[in-house]
Amino acid sequence: MPSALDTNMRFKFSALALLLEVIIIVLFGLFVEYDSNNVSQNTIYPFFQDVHVMIFVGFGFLMTFLKKYGFSSVGINMLIAALGLQWGTLMQGFWHMKGGKISVDIKSMINADFSTATALISFGAVLGKTSPVQMLILTILEITIFACNEHLVTEILQATDVGASMTIHAFGAYFGLAVALVLYRPGLKNKHENEESTYHSDIFAMIGTLFLWLFWPSFNSAIAHDQDSRTKAIVNTYYSLAACTVVTFALSSLVDQRGKFSMVLIQNATLAGGVAVGTCADMSIYPFAAMCIGSIAGIISVLGFKFLTPFMASKLNIQDTCGVHNLHGLPGILGGIAGIIVTAVRKEIRATARFTPDMQAAALGSTIAIALAGGILTGGILKLPFLGQASDQNCFDDSVYWEVPEEEKLYEIHSNNHDEHSRFEATM
Amino acid sequence: MSSNYRNFRNSVPWLIFFLEAVFILLFCFLYSDDGVSGSNISYPAFQDVSHMVIFGLGFFLAFLKRYKFSSTGFNLLLIVLGVQWSVLMEGLLFFLFQNEKEDDLKSITKATVSMTTVVISSAAVLGKANPIQLIVMTIVEIAAFHLSRWINKMYLKIGDSVGMMHVHLFGAYFGLAVSPFFSEPSPNSEKNASTPESDLLSMLGTLFLWVFWPSFNSVLAVEEEKNTIIYNTYFALAVSAVTAFALSVLTTKDGKLRMKHIHSATLAGGVTVGYAAHSIWYPSIAMILGLLASVITVLGSHHLQRCLNSVLKIHDASGVHFTFGLPGVLGAIAHVILFVVKNWTDLQSQRYLIMTEIGTFCLTISVALISGFITGCILNLKLLKTIPVSKYCEDQFYWEFPHLAVGF
């Protein structure tokens, strides 16, 4: 077996992970201290909890739809999130240092969780085709680049992005797509036999969807500026999600020959409304406009899944496993455009700055450009041949990296009490 | 394709699009001012309720082995449609009667709580109704529920937060009134059963419901009563969960636990105490209520169901009568008894109030039964593409199955 496909990562992975953890601990020791003079932190602790659940449970279970890749989806998701939030605290902290120290509070914990979301979205794009070692490297690089881009958008360009449609969702999606482009596997051109779902794996993915759906209002309002804009963000996000879900069900039935619903679309496209309303969530756009944004997001997401993803896989050499382009990429751009329109139509002022459409447009452009450039660079590094990649036929399979318990045969599963039923099932 | 094959492509999408367009337009007219200000609903409590209704109830109903996509998926669809419709109904009532204007978060919370009625009713016909029927049922039921609440509020002067707790009663009896209009699936149909895996998913939903139930009961209450309600609900839930385990072992033949008992009986305490929680002044009373609720649920599902269902031709697919209906009635009766005990000294002067209390819950049940009966008639129209008995409890009828070959 050539060394490029050596998937035994006993020493590589543990050495890299321990090394990173040691570096992070040392950096924490040198730079990080508590922010003790802020008393109003407890009010946003529930928001932190919600975002935390979204990152660990929501994103993790959303990706469990592949029939033999559930362990990796939830497990590697947890690894990326746990590493990413430590690294994100440092990276975001370096831009806001006071007297050579990074002070942490609940708000910086929320921001650190946000930064891991970018890495998790990119993970969705390359799901099943990368090794844990590669994901560690991707996490570190992506969060570093993300922190720089976020600083550029919020501090230098003074643009608003409360729900982070651009800085997280569009960034993560296009970063992931660029990585997927570089790591293109011609061997997977014909659909891999494990790249599909089963009845059970789909229902597990639905757990993730519902958690994300329910907590999205918290995600979009967690770092809002004051109580008033927080309530606005919650209400706008809620209605956008509601409208998006309804439209998704309708379109899902419409685009199918026999008028049936598709679980893939329900799992993903229903969330597009939350992504799209992110940028302008805390502005006075009224539920009406939020519902319009949500409906449009649902439409482009469903159409993206139906037409764009197959096109990208066959013509553009981008294999997007989870369809992050349709869930995060396109709705993220839509959110950026909505932000441009809203700031052009209404005068929005926060604290000292007035938001202008030019700056919003610049933020959107720079985010996508940096994401694509960063993704191609990262992809180039991940292509190095000694990172424990699996061969083409071993993709989408947990057993390459995990100890998987012996699988029971189908007819044995229900043999205890439903003997005749299960035999009937097996013959179906 | 066989003759009884139904294609929903020409009906479901357009119905949904039409409703959503109407909602967006109405929102445009009704919510044109920037009425956002501080809300007296705490956002975490709203989250809990939303989580219960969408996630908890969705997975609670995922116990049929071939109906899990529909249980969770249609639940989400119905709730997002229903919440928008319910908010609009409230807004309409505000326009007509110039009530006090509520902030956005509160109206969403109220809408979410009222959507519990629809979820409970849809549980009664679980697996038997198609999406069109469910959507029509949602629209009618929410309108009927708001009507019943409005009558209670206008003529019987019942507080809003108490009136909202009629959701279980209303939902259960509405669903029971609808269910005779659907023919019963054959008793030995293998689709109408659960597997260990689906029972486990249902347990996931049950646990979330159990954990968040105190928030559900307290979210709309006035500030001073919130803590009392939370404590009472918590203790009632704890007792009913313990009792459920004990009774389940006691009633099964070989002394084993039955998952179905655990699912429904652990929640019965929360339903019962929801109605009266603000007027219970000792935790012990709440605990007794929780115990009684659990007894009713387990024994009811064990003995009563068989004779009742054959007599009334009800096929209660997921036992809503015993999980939500009877515990709700118990709660209402307990509420009246507690009121009598509290005002024992001057019972004569309070007679009118007692009659009102009894009147409210009788009214809720009768509105639910009547509107449920009418809805059942509507749902049986050929126009709504009723599905044949052989296709009951079958995801494959509504959902794409690209993975059919893998077995399911």
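Here is a yes/no grid of residues against (1) assigned to a helix (DSSP H, G or I); (2) more than 12 Å from B:V125 (Cβ to Cβ); (3) at pLDDT below 90; (4) in contact with a helix residue (DSSP H, G or I) (Cβ under 6 Å, 6 or more places away or on another chain):
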site: B:I151; (1), (2), (3), (4): yes, yes, yes, no
site: B:M154; (1), (2), (3), (4): yes, yes, yes, no
site: B:I158; (1), (2), (3), (4): no, yes, yes, yes
site: B:G163; (1), (2), (3), (4): yes, yes, yes, yes
site: B:F174; (1), (2), (3), (4): yes, no, no, yes
site: B:E184; (1), (2), (3), (4): no, no, yes, no
site: B:P187; (1), (2), (3), (4): no, yes, yes, no
site: B:E197; (1), (2), (3), (4): yes, yes, yes, no
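Going by the structure shown, is A:S301 in a helix (DSSP H, G or I), more than 23 Å from the chain's Cα centre (by Cα) and closer than 28 Å to A:Y184 by Cβ?
no
Assess whether A:F204 counts as being in a helix (DSSP H, G or I), within 14 Å of chain B (Cβ to nearest Cβ) and in contact with a Ser or Thr (Cβ under 7 Å, 6 or more places away or on another chain).
Yes: the conditions hold for A:F204.
Residues checked against (1) within 14 Å of chain B (Cβ to nearest Cβ); (2) among the polar types (S, T, N, Q); (3) assigned to a helix (DSSP H, G or I); (4) closer than 27 Å to A:I293 by Cα:
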| position | (1), (2), (3), (4) |
| --- | --- |
| A:T144 | no, yes, yes, no |
| A:H151 | no, no, yes, yes |
| A:A159 | no, no, no, yes |
| A:G163 | no, no, no, yes |
| A:Y174 | no, no, yes, yes |
| A:L177 | no, no, yes, yes |
| A:K191 | yes, no, no, no |
| A:T209 | yes, yes, yes, yes |
| A:L212 | yes, no, yes, yes |
Residue in the range A:214-228 that is nearest to A:G323 (Cα to Cα), counting only those that are part of a helix (DSSP H, G or I) and open to solvent by less than 10 Å² (accessible area, probe 1.4 Å)
A:W216
Note on the range B:37-60: residues in contact with a Phe, Trp or Tyr (Cβ under 8 Å, 6 or more places away or on another chain), buried (at least 24 other Cβ atoms within 10 Å of the Cβ) and more than 7 Å from chain A (Cβ to nearest Cβ) are B:V49, B:M52, B:G56, B:F59
Restricting the range A:91-103 to residues that are in contact (Cβ under 8 Å) with a residue 40 or more places away in the chain and surrounded by fewer than 20 Cβ atoms within 10 Å (Cβ to Cβ), which is farthest from A:Q49 (Cα to Cα)?
A:G100
Please enumerate the residues belonging to the range A:231-250 that are at the interface with chain B (Cβ under 8 Å from one of its Cβ atoms), in contact with a Ser or Thr (Cβ under 8 Å, 6 or more places away or on another chain) and under 19 Å from A:A164 (Cα atoms).
A:T231, A:K232, A:I234, A:L241
Can you go through B:S301, B:S310 and tell me which one is under 21 Å from the mean Cα position of the chain (by Cα), at pLDDT below 80, part of a helix (DSSP H, G or I) and under 19 Å from B:Y173 (Cα atoms)?
B:S301
Only one of B:S183, B:S248, B:S179, B:S194 is small (G, A, S), surrounded by 23 or more Cβ atoms within 10 Å (Cβ to Cβ) and in contact (Cβ under 8 Å) with a residue 12 or more places away in the chain; which?
B:S179
Tally time: how many residues in the range B:348-372 are at pLDDT below 90 and either on the phi > 0 side of the Ramachandran plot or not aliphatic (A, V, I, L, M) (or both)?
12
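The values are calculated or read from the model by the stated rules, or taken from the named source; none is laboratory data. Computed from a predicted model, the values in this text were never measured in an experiment. When we count neighbours, we look across all protein chains shown, and the Cβ atoms used for this are built from the backbone with ideal geometry, even at glycine. Heavy atoms of the whole protein, side chains included, go into the accessibility calculation; ligands, DNA and RNA do not. Shrake-Rupley method; radii C 1.70, N 1.55, O 1.52, S 1.80 Å.
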